[in-house]
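What follows draws every value from the coordinates through simple rules; no lab data is involved. Please read these numbers as outputs of a predicted model, since none were measured by experiment. Please note: Cβ atoms are built from the backbone with ideal geometry, for glycine as well, and neighbour counts cover all protein chains shown.
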Amino acid sequence: MRLGVNIDHVATLREARKIKEPDPVQIVGLVEMAGGDGIVCHLREDRRHLQDRDLELLRQVVKTHLNLEMAATPEMVEIACRVGPDMVTLVPEKREEVTTEGGLDVVKFREHIQETITTLKNSGIVTSLFIDPDLEQIKTARNLGADFVELHTGEYANAESEHQSQQELEQIRSMAVAASKLGLRVSAGHGLNHFNVSQIARIPEIEELNIGHSLIGRAVFVGISEAVRTMKELIAQAREQR
Ligand code: PXP
């Protein structure tokens, strides 16, 4: 199972001072040397953390896999086609939100998303849709020609009881199976950390996890190499035990 490391929060810290450090580009080598399989970043419309310059440099520096999260806007599509990440993950975006809240509603916005997927694919970019673990969303993602669905694990991660957590886990598990049967490739992410990752990592149909906040948070105490290395170990152990 691959681990994509979201590095946005390095830029969040830099933007707190609006100076040049810490530079999100500098963390890439450490993440890759520690076993990270890819770098994930989100260029937001309001540029609250990552900047255009970061994305351009990341494209030059990342040796593994670069996954750009973005809203399906004309500005972002133009940037993606010019910079050429390996993958684009389409996400919903609201200015007032603290982080991405819930999956993209691909049923509601199907025509627009279809057009966006076609443009990205014509530029040779693999496409992923960040959606809630919901059958209608998955079927629509398949019909729109997405390569991947990234199942939103936020409800699982934020569950307030063991019962709710197990219900959310079951939903993610069954939707991962459904997506895979439809021929979609499956990843998952949002809110995952060293404590809740193992149950998700045991789901065979999920081939990649994308994790940001908890890794950068832990890195403050132990360093990013240790944070990535121990996360990879937990994921590998969970895969062996399933
Ligand atoms: N996947 C997607 C689509 C996201 O938008 C985010 C947050 O940027 C993540 C994964 C990572 O979530 P977290 O930072 O909670 O690990």
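When region 4-42 is limited to residues that are over 18 Å from the mean Cα position of the chain (by Cα) and aliphatic (A, V, I, L, M), the one that is farthest from GLY212 (Cα to Cα) turns out to be ILE19. Just so you know, in region 104-135 the residues that are more than 10 Å from the ligand (Cβ to nearest atom), among the hydrophobic types (A, V, I, L, M, F, W, C) and under 15 Å from THR73 (Cα atoms) include one that is surrounded by the most Cβ atoms within 10 Å (Cβ to Cβ), and it is VAL106.
Restricting region 84-103 to residues that are over 13 Å from LEU129 (Cβ atoms) and crowded, with 18+ Cβ neighbours inside 10 Å leaves a set whose member that is nearest to the ligand (Cβ to nearest atom) is GLU93. Among the residues of region 55-86, those identified as of a type outside the set (Asp, Glu) and assigned to a loop (DSSP other than H, G, I, E, B) are VAL62, LYS63, THR64, HIS65, ALA71, ALA72, THR73, GLY84, PRO85.
Since SER165 meets every condition but one in (1) within 27 Å of ASP86 (Cα to Cα); (2) touching a helix residue (DSSP H, G or I) at 6+ places or on another chain (Cβ under 7 Å), which condition does it not meet? With respect to (1) within 27 Å of ASP86 (Cα to Cα); (2) touching a helix residue (DSSP H, G or I) at 6+ places or on another chain (Cβ under 7 Å), SER165 is out only on (1). Can you find a residue that is under 18 Å from GLN241 (Cβ atoms), away from the ligand (no atom under 13 Å from the Cβ) and surrounded by fewer than 17 Cβ atoms within 10 Å (Cβ to Cβ) anywhere in region 176-194? So far as region 176-194 goes, no, none of its residues is under 18 Å from GLN241 (Cβ atoms), away from the ligand (no atom under 13 Å from the Cβ) and surrounded by fewer than 17 Cβ atoms within 10 Å (Cβ to Cβ). Quick one: which residue in THR89, THR73, THR119 is under 16 Å from the mean Cα position of the chain (by Cα) and hydroxyl-bearing (Ser, Thr, Tyr)? When all the criteria are applied, what remains is THR89. Scanning region 179-206 for residues being among the small types (Gly, Ala, Ser), touching an Asp or Glu at 6+ places or on another chain (Cβ under 9 Å) and within 16 Å of ALA146 (Cβ to Cβ) gives a total of 5. Restricting the search to region 179-200, which residues are in a helix (DSSP H, G or I) and within 27 Å of ASN143 (Cα to Cα)? Once the filter is applied, which keeps residues that are in a helix (DSSP H, G or I) and within 27 Å of ASN143 (Cα to Cα), region 179-200 yields ALA179, SER180, LYS181, ILE200.
Out of curiosity, is SER214 among the polar types (S, T, N, Q), surrounded by fewer than 22 Cβ atoms within 10 Å (Cβ to Cβ), within 16 Å of the ligand (Cβ to nearest atom) and without any contact (Cβ under 8 Å) to a residue 24 or more places away in the chain? It is true that SER214 is among the polar types (S, T, N, Q), surrounded by fewer than 22 Cβ atoms within 10 Å (Cβ to Cβ), within 16 Å of the ligand (Cβ to nearest atom) and without any contact (Cβ under 8 Å) to a residue 24 or more places away in the chain.
Determine whether region 140-152 contains at least one residue that is assigned to a helix (DSSP H, G or I) and either out of contact with any strand residue (DSSP E or B) (no Cβ under 9 Å at 6 or more places or on another chain) or within 20 Å of ILE211 (Cα to Cα) (or both). Yes: region 140-152 contains one or more residues that are assigned to a helix (DSSP H, G or I) and either out of contact with any strand residue (DSSP E or B) (no Cβ under 9 Å at 6 or more places or on another chain) or within 20 Å of ILE211 (Cα to Cα) (or both). Screening GLN171 on (1) in contact (Cβ under 8 Å) with a residue 24 or more places away in the chain; (2) part of a helix (DSSP H, G or I); (3) within 15 Å of the ligand (Cβ to nearest atom) shows it passes everything except condition (3). Mind listing just one residue for me: the one in region 1-14 that is within 15 Å of the ligand (Cβ to nearest atom) and in a helix (DSSP H, G or I) and, of those, surrounded by the most Cβ atoms within 10 Å (Cβ to Cβ)? Of everything passing the filter in region 1-14, VAL10 is surrounded by the most Cβ atoms within 10 Å (Cβ to Cβ).
Taking the criterion of being touching a residue at least 40 places away in the same chain (Cβ under 8 Å) and outside any loop (DSSP other than H, G, I, E, B), the residues of region 33-54 that qualify are MET33, GLY38, VAL40, HIS42, ASP54.
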